[in-house]
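S.K.: Below is a structure I'd like to ask you about.
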Amino acid sequence: MKRFFSMLFGGELAVDMQYRIGMRVVKTVAAVTICLFIAWLIDSRDSLPIAAIAALVTMQATQSETLHTGVFRVLGTIIGGAFGLITVLIGLVLPYYADGLIIVVIPLMLLLNLYVCNILKMQDSCTISCVVTIIVAAHIVMDSTFDETIMYTFIRLRDTLIGVVMATIINMLPGFIKRIRERA
């Protein structure tokens, strides 16, 4: 077992007992907590994981990295939602979509999705865009109507925005407070 961990981690597996929780961890947990609270306030149980995950993934070490990650996450969600809805529209007119043709259509749409992200130089949006495409495209197969799928897509975008905005605000807050204190 020791050899396995050595190969996996490139050396000895060690525990850092000197580790202390830092600001990034605190800010990440704060952003996730606020997202969960907002989802609870708007009584959207489906929003709980999406907004919280968006905040978790968006929070980075610096404000500029957080903003960059957040912008590309939102853009990826928009592109993925659009490709997912296009896939659903194709599925509505294509016979046997729900009976297995979805297995061919979704990968073809992912190919187009990745192509668009790359020609737009939005490589940082590729993964989330594909994730959203798959989720939206598969949503219609789960006995949802087209209107429900459209609503789901917009709710997912809203939840992503909540998470991204909260992570960005929380990440900028310590610097903002410090500047206010320096001026006082």
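Read-outs throughout are calculated quantities, based only on the coordinates presented, and are distinct from any laboratory measurement. Computed from a predicted model, the values in this text were never measured in an experiment. All Cβ positions, even for glycine, are placed from backbone atoms using ideal geometry, and neighbour counts span all protein chains on display.
S.K.: In percent, what relative contact order does the chain have, based on Cα pairs under 8 Å that are 6 or more apart in sequence?
M.R.: 33 percent
S.K.: To continue, here is another question. At 222 nm, what value in deg cm²/dmol follows for the chain if DSSP H runs of at least 4 each add -39500 (n - 2.57) and the sum is divided by all its residues, to the nearest 500?
M.R.: On the way: 7 runs with 140 residues, N = 184.
Taking each H run of at least 4 residues, the total per residue is -26000 deg cm²/dmol.
S.K.: Mean Kyte-Doolittle hydropathy of 0.5 or higher plus an axial Cα length of 24 Å or more: which whole DSSP H helices in the chain meet both? Don't skip to the end; give the middle numbers.
M.R.: Working: long enough: 23-41 (26 Å, 1.86); 63-93 (45 Å, 1.31); 102-119 (25 Å, 2.45); 146-183 (54 Å, 0.44).
Flagged H segments are 23-41, 63-93, 102-119.
S.K.: Same structure, new question: Along the charge dipole of the chain, pointing to its positive end and built from +1/-1 on Cβ of Lys, Arg, Asp and Glu, which listed residue (Met142, Gly163, Leu111) has its Cα farthest out?
M.R.: Gly163
S.K.: Any idea what the dipole of the range 21-183 comes to, in debye rounded to 20, about its Cα centre with Lys/Arg Cβ at +1 and Asp/Glu Cβ at -1?
M.R.: So the magnitude is around 960 debye.
S.K.: Could I ask something else about it? Among (1) -0.46, -0.94; (2) -0.23, -0.83; (3) -0.36, -0.94, which one is log10 I(q)/I(0) by the Debye sum over Cα atoms at q = 0.08, 0.15 Å⁻¹ computed from these coordinates?
M.R.: Checking each listed value against the structure points to (3).
S.K.: Testing the spin-label approximation: label points 7 Å from Cα along Cα→Cβ at Gln18 and Asp99. State their distance in nm.
M.R.: It works out to 6.6 nm between the two label points.
S.K.: So, one more: Going highest first, how would you order 144-156, 76-88 by mean Cβ packing within 10 Å?
M.R.: Order by mean packing, descending: 76-88, 144-156.
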